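Notes follow the structure.
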Ligand SMILES: C[S@@+](CC[C@H](N)C(=O)[O-])C[C@H]1O[C@@H](n2cnc3c(N)ncnc32)[C@H](O)[C@@H]1O
């Protein structure tokens, strides 16, 4: 019998892993893992922490076009939790991009352990690369960020998305501590808000900054940022490497 008690947070993550025989629930700092393999982007990288179970669906609900047939791209895929959450939806393909070789290897192991017959999207892959270097797949995109890096890297990623071929692009931003970079960019338009983050889309004809557009509810703070079991978040500096591009959540835009 299903328990009437809803399990959330870290326990939900542990259950997610146990049900699938995988390992995604962890808090890891790149400086403690494989810093020598990462390159200059480590200065702007946040740590690894998986998307809380349930949060991705809350963001996907605001994507302003059908998910079927689009490609989901997780920039900073870590151990692949968000890839597996996305696979419950009929994406054409799901791609995880992860800068840490160690985390990318774990993500691949996790994907290999899953029975893909149970998934709505069975084409899942992990690319070991810096988000700055990847070529986005062709076709319509749903790009996901769980606050993987600071504003300097984010800005360059936004330029690549904005200047690509004409197509539908949604940008899902969990724990959006650097959201002002998106909202100041004329090619991005805010299109929805969940308690854990915001959703934007690329608008080609835009000339008006999103920040000046009419908006509905906006969270007063990124609510899923502070998991009870940790003392730092993907929005805070890497313990081993300074993270000058990130904003202290306490001073993040309200
Ligand atoms: C907060 S974790 C999110 C993990 C995963 N997206 C999830 O939600 O379960 C952020 C991840 O971004 C990765 N990352 C940081 N900078 C990156 C970059 N420049 N390119 C690719 N991955 C990066 C980190 O190694 C870390 O695994």
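The values are calculated or read from the model by the stated rules, or taken from the named source; none is laboratory data. None of the values given here were measured: they were computed from a predicted structure. Because the Cβ atoms are built from the backbone with ideal geometry, glycine has one as well, and the counts that use them run over all protein chains shown.
Data overview
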{"item": "Sole exception among (1) touching a residue at least 60 places away in the same chain (Cβ under 8 Å); (2) part of a strand (DSSP E or B) for residue 97, by number", "result": "(1)"}
{"item": "Every residue from the stretch 30-41 that is out of contact with any strand residue (DSSP E or B) (no Cβ under 6 Å at 6 or more places or on another chain), under 25 Å from residue 84 (Cα atoms) and either within 9 Å of the ligand (Cβ to nearest atom) or at pLDDT 95 or above (or both)", "result": "33, 38"}
{"item": "Failed criterion for residue 122 (all others in (1) surrounded by 18 or more Cβ atoms within 10 Å (Cβ to Cβ); (2) in contact with a helix residue (DSSP H, G or I) (Cβ under 8 Å, 6 or more places away or on another chain) hold)", "result": "(1)"}
{"item": "Residue check for residue 50: at pLDDT 95 or above and touching a strand residue (DSSP E or B) at 6+ places or on another chain (Cβ under 6 Å)", "result": "no"}
{"item": "Residues located in the stretch 71-85, provided they are part of a helix (DSSP H, G or I), more than 13 Å from residue 145 (Cα to Cα) and either within 7 Å of the ligand (Cβ to nearest atom) or touching a residue at least 40 places away in the same chain (Cβ under 8 Å) (or both)", "result": "84"}
{"item": "Residues of the stretch 103-128 classified as near the ligand (Cβ under 10 Å from one of its atoms) and assigned to a loop (DSSP other than H, G, I, E, B), total", "result": "0"}
{"item": "Cβ-Cβ under 9 Å pairs, at least 6 apart or on other chains, the stretch 146-161 side under 20 Å from residue 82 (Cα atoms), far side assigned to a helix (DSSP H, G or I) and away from the ligand (no atom under 12 Å from the Cβ)", "result": "154/181; 154/182"}
{"item": "Members of the stretch 129-145 that are near the ligand (Cβ under 9 Å from one of its atoms), touching a residue at least 24 places away in the same chain (Cβ under 8 Å) and surrounded by fewer than 24 Cβ atoms within 10 Å (Cβ to Cβ)", "result": "129, 130, 132, 134"}
{"item": "Residue check, residue 68 out of contact with any helix residue (DSSP H, G or I) (no Cβ under 8 Å at 6 or more places or on another chain) and either more than 8 Å from the ligand (Cβ to nearest atom) or part of a loop (DSSP other than H, G, I, E, B) (or both)", "result": "yes"}
{"item": "Test result for residue 151, within 13 Å of the ligand (Cβ to nearest atom) and at pLDDT 95 or above", "result": "yes"}
{"item": "Subset tally (residues that are surrounded by 18 or more Cβ atoms within 10 Å (Cβ to Cβ) and in a loop (DSSP other than H, G, I, E, B)) for the stretch 30-62", "result": "9"}
